[in-house]
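Single-structure report; data block below.
The values are calculated or read from the model by the stated rules, or taken from the named source; none is laboratory data. This one's a predicted model, so the numbers in the text were calculated from it and none came from an experiment. Because the Cβ atoms are built from the backbone with ideal geometry, glycine has one as well, and the counts that use them run over all protein chains shown. Calculation scope for accessible area: heavy atoms of the full protein, side chains included, ligands and nucleic acids excluded. Shrake-Rupley method; radii C 1.70, N 1.55, O 1.52, S 1.80 Å.
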Amino acid sequence: MHIKIKYFGQIAEITNTFEEQLDVKDAVISDVLELLYSKYKGLKQQDFKVALNKKLVALKTPLAEGEIALLPPFSGG
């Protein structure tokens, strides 16, 4: 399955990119995160939410084709 991963804020700084694409098979969100943690060493220490196709999801959510976004905390005012 082909998925796009988007990075924002501090996450984009750690990955040094705003998006990338991965091919994965029969995975859940946490499986993808483990791949990303091994690729980007500083990512695991960051606090962020995960959205799948623009909806916030739990880590055990089965992966669906489309887009994952890693969303750091946003400050408002």
Which residues, counting only those in region 1-34, are outside any helix (DSSP H, G or I) and of a type in the set (A, V, I, L, M)?
MET1, ILE3, ILE5, LEU22, VAL24, ALA27, VAL28
When the residues of region 57-77 are filtered to those that are in contact with a Leu (Cβ under 8 Å, 6 or more places away or on another chain) and either without any contact (Cβ under 8 Å) to a residue 12 or more places away in the chain or farther than 22 Å from ASN16 by Cα (or both), which remaining residue is most open to solvent (accessible area, probe 1.4 Å)?
LEU59
By residue number, the members of region 35-67 that are in a strand (DSSP E or B), of a type outside the set (Lys, Arg), modelled with pLDDT of 95 or more and under 16 Å from LYS4 (Cβ atoms) are VAL50, ALA51, LEU52, GLU67
Subset tally (residues that are open to solvent by less than 40 Å² (accessible area, probe 1.4 Å) and within 11 Å of the chain's Cα centre (by Cα)) for region 23-34:
4
